[in-house]
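Peer 1: Just passing along the structure, written as structure tokens.
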Amino acid sequence: MFRGLLVIASLLLSAGAMAQAPQPRIAPSAAAKAALARGDTAAGLELLWTEIGACERAHPRDPICLDLRLAAAEAALAIGHRATESNAFSALLLTKTPLERLRALRLMLAGRNLTGDFSAPDDHFVKEALETIAANPDIDPVLVAQTRSAMAAALDGLGRYGEAQAMHRQVIAGLRPHRAAMPAAYAGALGALARNLDGLGRNIEAEPLWREAIATAQGRGGGTATDYYRGLGANLLERGRYRDAEPLLRLAVAEYRPRVDLPGARAGLATSLSDLGACLDMLGRAVDATPLYEEAAALSKVGDSLTSQFKGRNWLRWARNAYIRRQLESALFAVDAAIIFLKSNAAPDHPDLARAYQLRGFILETARRPDEAEAMYRQARAMWTRTLRFGHPDRVIGDATLALYLTRQGRDDGEARAVSLEAQRGILDHIAAMPSFEGEAQAAIRQYSPLFRGQVLTCWRLAHAGGAGADQRATGTP
């Protein structure tokens with residue numbers, strides 16, 4: 001027994017000596033570094049995971065394990081792998097210095113942004129990152145900008161667009177002095193702010209940012225402009241400039257295809273195909289759009305780089321395409337699939353979810369199920385009223401849709417009149433904010449012209465018929 005105690009004591013003393021002796025931080029290994037340096041990120045990541053396993057079995061709290069976890073998170077992020085988040089979280093548990101903690105927090109948020117899996121914990125990580133930056137003003141400004149960018153994307157994902165926008169602007173301000181040395185990062189920051197503004201319906205403000213991002217990316221060292229072609233194309237699509245959007249989206253598709261196995265390219269290709277399909281739908285080429293939605297859906301089944309939010313939007317567009325072609329059963333199936341995906345991952349009042357409810361209303365009304373359609377119209381309108389500024393096109397369409405529905409049903413004249421006037425004021429407010437009457441305003445008037453006609457008809461029926469009876473209902477399809 002005495003001998004056993006001596007052995008235990010010897011082990012404890014040797015462990016103490018090891019703890020006191022500083023260990024050289026040599027991770028990751030030369031082989032892993034070489035694989036990452038030559039661009040073989042998948043091989044480098046496999047080597048890192050092997051090294052992480054060995055390190056954590058032997059010395060789980062060793063600083064080398066932290067280095068390996070951070071390197072693995074960076075490598076996973078580079079190829080769009082879900083392991084970014086898990087490795088960053090493991091690293092977060094090992095951090096000791098503010099610099100290490102901020103690196104781990106940045107990667108943690110970037111991993112959440114990658115998967116689109118946003119929830120309350122992200123708010124905690126954002127707050128901690130902000131506090132770390134505020135308490136350590138000497139931290140590398142590039143890391144600070146990268147962290148702010150990840151925080152802003154997380155806030156976008158949580159539906160807190162106003163806070164996110166302020167942070168995107170801080171990122172741009174932080175990178176502007178370094179834009180000659182870091183053109184790709186600067187272009188990315190411009191694109192992130194443009195995407196945020198597009199999400200808020202401020203597409204006119206976003207357009208010059210997309211164009212600056214394209215110009216920056218096309219310069220020396222700026223990387224690729226493909227993401228920004230797609231972003232500008234989607235911006236123009238939202239504003240009804242379908243003929244301008246189509247060539248940009250086709251260019252994005254053409255550039256993504258050869259790179260489909262590279263980080264982000266699969267998601268970019270799927271998104272561009274879906275956007276191009278929506279563009280062709282609006283140009284009256286619904287038959288040409290259908291295979292684009294099918295290909296986008298097939299791409300979204302491979303790997304994990306496409307979020308439920310994208311899948312929901314693609315199903316929503318596919319449903320609209322089927323509705324345009326009056327394939328009501330297919331349209332209802334597709335819109336229900338869209339709602340399932342969006343409810344599982346989007347913010348509770350996300351614009352795409354509201355659009356899905358409204359489209360479901362159109363389908364149900366066309367299928368002669370008016371009571372169910374009305375519930376969908378009211379749900380969509382309530383969501384837009386809570387979340388969108390007065391005059392936002394979606395909010396206007398929500399008001400107009402309910403007004404026209406009530407008039408068609410010959411019900412609730414007072415409510416129909418009030419909602420109809422709200423839609424008209426929204427249209428005027430939206431057009432009045434345009435910077436150029438000959439340009440944007442004229443395009444908006446053309447886009448709204450069918451809605452104007454419907455609103456005029458609604459108001460005339462209400463004013464002259466004393467209530468739209470069964471024989472005096474406004475006509476037209478949703």
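Peer 1: What does the accessible area per residue of the range 310-370 come to in Å², with a 1.4 Å probe and no ligands, DNA or RNA counted?
Peer 2: Using a 1.4 Å probe on heavy atoms only, each residue of the range 310-370 averages 42 Å².
Peer 1: Moving on. Report the trypsin sites (Lys or Arg not before Pro) located in the range 49-101 that are in a DSSP loop and have at most 16 other Cβ atoms inside 10 Å of their Cβ, or state none.
Peer 2: 61, 82, 96
Peer 1: Now for a different question. For the pair residue 418/residue 378, report the inter-label distance in nm, with labels modelled 7 Å from Cα in the Cβ direction.
Peer 2: Roughly 1.3 nm, to one decimal.
Peer 1: Could you tell me the calculated FRET efficiency between residue 97 and residue 218, based on Cβ-Cβ distance and R0 = 51 angstrom, to the nearest 0.05?
Peer 2: That gives a FRET efficiency of 0.85.
Peer 1: Something else now. Measuring from centroid to centroid over Cα atoms, what is the spacing of the range 364-388 and the range 45-81 in Å?
Peer 2: First find each Cα centre; the distance between them is then 50 Å.
Peer 1: Can you give the FRET efficiency for residue 251 and residue 285, using 1/(1 + (r/R0)^6), R0 = 22 Å, r = Cβ-Cβ distance, to the nearest 0.05?
Peer 2: Here the calculated transfer efficiency is 0.75.
Peer 1: Counting pairwise Cα distances across the range 159-235, what percent come out greater than 18 angstrom?
Peer 2: Values: 1003 of 2926 pairs.
Above the 18 Å cut-off, the range 159-235 has 34 percent of its Cα pairs.
Peer 1: Give me the percent of the accessible area of the range 169-235 that comes from carbon and sulfur atoms, probe 1.4 Å, all protein chains in place. Walk me through the numbers on the way to the answer.
Peer 2: Working: 1500 of 2830 Å².
Result for the range 169-235: 53 percent of the exposed heavy-atom area is carbon or sulfur.
Peer 1: In a shell of Cβ-Cβ distance under 15 Å around residue 171, excluding residue 171 itself, what net charge do Lys and Arg (+1) and Asp and Glu (-1) give?
Peer 2: +2
Peer 1: Between residue 411 and residue 301, what length in nm is gained on full extension when 0.36 nm per residue of separation is reduced by their alpha carbon distance?
Peer 2: Stretched fully, the residue 411-residue 301 segment lengthens by 35.1 nm.
Peer 1: Under a cut-off of 19 Å between alpha-carbon atoms, report the lysines in cross-link reach of residue 343, not counting same-chain residues fewer than 8 places apart.
Peer 2: Cross-link targets: 301, 311.
Peer 1: Also: Apply the Karplus curve 6.51 cos²θ - 1.76 cosθ + 1.60, θ = phi - 60°, to the phi angles in the range 198-208 and return the couplings in whole Hz, x for Gly and Pro.
Peer 2: 4, x, 8, x, 9, 5, 5, 5, 6, 3, x
Peer 1: Any idea of the accessible area per residue across the range 229-288, 1.4 Å probe, to the nearest Å²?
Peer 2: Value returned for the range 229-288: 40 Å² of accessible area per residue.
Peer 1: At 1.4 Å probe size, with every protein chain present, just tell me what the per residue accessible area of the range 123-183 comes to in Å².
Peer 2: With the other protein chains kept in place, the range 123-183 gives 48 Å² per residue.
Peer 1: If Lys and Arg each add +1 and Asp and Glu each add -1, what is the summed charge of the other residues whose beta carbon sits under 14 Å from the beta carbon of residue 217?
Peer 2: So the surrounding residues net to +1.
Peer 1: Counting only protein heavy atoms, what percent of the accessible surface of the range 308-379 is carbon or sulfur at a 1.4 Å probe?
Peer 2: Taking all protein chains in place, the range 308-379 shows 53 percent carbon and sulfur surface.
Peer 1: Calculate how large, on average over all directions, the projected area of the Cα convex hull of the range 253-409 is; give the answer in nm² to one decimal.
Peer 2: Seen from a random direction, the Cα hull of the range 253-409 projects 9.7 nm² on average.
Peer 1: Ok, one more. Could you tell me which chymotrypsin sites (Phe, Trp or Tyr not before Pro) in the range 318-422 are loop residues by DSSP with no more than 15 other beta carbons within 10 angstrom of their beta carbon?
Peer 2: For chymotrypsin sites (Phe, Trp or Tyr not before Pro) across the range 318-422 that sit outside H, G, I, E and B with at most 15 neighbouring Cβ atoms in 10 Å, the list reads 390.
Peer 1: For the range 96-104, take each phi angle, set θ = phi - 60°, evaluate the Karplus expression 6.51 cos²θ - 1.76 cosθ + 1.60, and give the result in whole Hz per residue in order, putting x for glycine and proline.
Peer 2: 10, 9, x, 5, 4, 5, 5, 4, 5
Peer 1: Please give the contour-minus-distance gain from residue 243 to residue 344: 0.36 nm per residue of separation, less the Cα-Cα distance, rounded to one decimal in nm.
Peer 2: Going from the current span to full extension adds 33.0 nm.
Peer 1: Next question. Apply 1/(1 + (r/R0)^6) to the Cβ-Cβ distance of residue 37 and residue 163, taking R0 = 35 Å, and write down the FRET efficiency to the nearest 0.05.
Peer 2: Working from the Cβ atoms, E equals 0.40.
Peer 1: Pop a pseudo-label 7 angstrom from the Cα along the beta-carbon direction at both residue 173 and residue 425 and give the gap in nm to one decimal.
Peer 2: Those two pseudo-labels are separated by 3.5 nm.
Peer 1: A further question follows. Quick check: net charge around residue 53, other residues with Cβ under 14 Å of its Cβ, Lys/Arg +1 and Asp/Glu -1?
Peer 2: In short, -2.
The values are calculated or read from the model by the stated rules, or taken from the named source; none is laboratory data. This one's a predicted model, so the numbers in the text were calculated from it and none came from an experiment. Here Cβ is always computed from backbone atoms with ideal geometry, including for glycine, and neighbour counts include all displayed protein chains. These accessible areas exclude ligands, DNA and RNA; they are computed on the full protein's heavy atoms, side chains included. Shrake-Rupley method; radii C 1.70, N 1.55, O 1.52, S 1.80 Å.
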